[in-house]
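Structure first, then comments.
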């Protein structure tokens, strides 16, 4: 029994859409990489302080700890 040759399927996604997606990915990669001032990891370039998300969360949690300890000292 002979097998039928595979039928070449039509592309599911239009080539214009694929090209647009590739261009948008390239635009995302062009963003300048900023290093975190604390640990040296990648940080967001648009922030006032150059902190990565981990250091930013640690800073916020440290502020909360200080605020909670203030009334206990009085």
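The values are calculated or read from the model by the stated rules, or taken from the named source; none is laboratory data. Bear in mind that the values here come from a model prediction, so they are computed numbers and not experimental data. Cβ sites come from the backbone with ideal geometry, for glycine too, and all protein chains shown count toward neighbours.
Which is touching a helix residue (DSSP H, G or I) at 6+ places or on another chain (Cβ under 8 Å) and modelled with pLDDT of 80 or more, of 58, 51?
Numbers: 58 fails: touching a helix residue (DSSP H, G or I) at 6+ places or on another chain (Cβ under 8 Å).
None of the other options fit; the residue is 51.
Just the residues that are at pLDDT below 80 and surrounded by 10 or more Cβ atoms within 10 Å (Cβ to Cβ), please, taken from the range 1-34.
Correct list: 31 only.
Looking only at the range 44-68, which residues are closer than 16 Å to residue 33 by Cβ, surrounded by 10 or more Cβ atoms within 10 Å (Cβ to Cβ) and without any contact (Cβ under 8 Å) to a residue 12 or more places away in the chain?
Residues satisfying the conditions are 44, 47, 53.
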